[in-house]
Amino acid sequence: MVAFQHFTNMHDVELKPRLLRSLLKDQVPDEKRPFKSPSDLSRVINLVQTHKLLSESFTETIEEKRIQHWKSSFDEWVERLLTLVTINSSDKCWAGICLLGVTAQECSSDRFSASYTIWFEKFLLHIQQPADSRFVKVASCNSISDMITRLGGSSNSQKDGTPLAGKIMQPMLMLLTEDSSEAVWEGAVHLLCTIITYFPAAVQRHYDSAEEAIAFTIVYRKCSAAMLKKFACCLALLPKSKGDEDSWFIMMQKILLLVNSELSDIFQGLEEEI
């Protein structure tokens with residue numbers, strides 16, 4: 001208890017960098033310390049979010065020394081995570097991607113504006129690399145989705161969002177067409193829906209490819225009913241990227257023609273028996 005006598009309460013600014021450094025030292029893996037379990041990672045995320053350890057929120061009365069203490073703790077945190085996302089260990093890499101994704105959600109606006117392009121490139125690399133494990137790809141899709149969501153809600157970053165989202169379209173569509181894991185499909189579809197929602201212009205050049213990939217999976221590939229529903233929702237959202245009524249009508253016509261074709265194949269020959 002002696003260590004806490006100088007703190008007003010759990011919201012004391014002086015306590016936050018110490019807690020962050022303590023987590024970094026004892027709970028977050030590094031090149032030598034092994035990754036323990038997802039439950040340990042969940043505890044780290046819970047502490048970060050509960051106590052807002054990454055917010056760097058200061059009042060005018062805060063001393064400069066305390067401000068720099070928190071900023072340096074944040075810098076050490078990000079440096080560790082950037083090391084993890086490039087390490088040759090899928091479980092540590094996964095942990096780094098998850099924590100960096102949380103960091104992108106929890107950090108201050110100034111920190112986000114200064115860092116999101118660097119973080120985005122780290123996530124993008126893991127989606128592009130075919131050798132990466134599937135759960136690393138899923139974590140990367142989810143982290144980019146969270147980043148796109150925050151970017152979409154920031155007026156200062158709107159102009160950068162469309163080209164950034166456009167960079168992810170091609171590798172994301174490759175996940176939908178070339179992978180056979182429902183977990184990867186779910187991550188990719190969630191990311192596509194996020195892009196359509198916040199930066200629909202980024203989808204326009206890839207509209208036909210996205211439509212084909214989703215429709216092909218719904219009709220010809222085996223997946224669960226829950227996954228089919230997510231693909232269907234994404235397909236229904238897709239015309240938003242064109243922003244006109246005709247796109248919705250054309251989509252409905254294609255669906256009806258496809259259903260008619262499938263039903264014709266199924267019932268072919270039955271009319272002769274009748």
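The values are calculated or read from the model by the stated rules, or taken from the named source; none is laboratory data. Bear in mind that the values here come from a model prediction, so they are computed numbers and not experimental data. Counting neighbours? That spans all protein chains shown, and the Cβs are built from the backbone with ideal geometry, glycine included. Just the protein is used for accessible areas: all its heavy atoms, side chains included, with ligands, DNA and RNA removed. Shrake-Rupley method; radii C 1.70, N 1.55, O 1.52, S 1.80 Å.
Per-structure values
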{"quantity": "Selection count, segment 158-212, where residues are of a type in the set (D, E, K, R) and touching a Leu at 6+ places or on another chain (Cβ under 7 Å)", "calculated": "2"}
{"quantity": "Subset tally (residues that are buried (at least 21 other Cβ atoms within 10 Å of the Cβ) and assigned to a helix (DSSP H, G or I)) for segment 75-91", "calculated": "3"}
{"quantity": "Lone qualifier among Glu76, Glu106, Glu63 - being within 21 Å of Arg150 (Cβ to Cβ) and charged (D, E, K, R)", "calculated": "Glu106"}
{"quantity": "Some residue of segment 113-122 being open to solvent by 10 Å² or more (accessible area, probe 1.4 Å), among the hydrophobic types (A, V, I, L, M, F, W, C) and assigned to a helix (DSSP H, G or I)", "calculated": "yes"}
{"quantity": "Of residues in segment 200-246 being in contact with a helix residue (DSSP H, G or I) (Cβ under 7 Å, 6 or more places away or on another chain), assigned to a loop (DSSP other than H, G, I, E, B) and open to solvent by less than 80 Å² (accessible area, probe 1.4 Å), the one modelled with the lowest pLDDT", "calculated": "Gly243"}
{"quantity": "For Ser154: the one exception among (1) in contact with a Phe, Trp or Tyr (Cβ under 8 Å, 6 or more places away or on another chain); (2) surrounded by fewer than 16 Cβ atoms within 10 Å (Cβ to Cβ); (3) assigned to a helix (DSSP H, G or I)", "calculated": "(3)"}
{"quantity": "Subset of segment 171-199 [open to solvent by less than 20 Å² (accessible area, probe 1.4 Å) and aromatic (Phe, Trp, Tyr)]", "calculated": "Trp185, Phe199"}
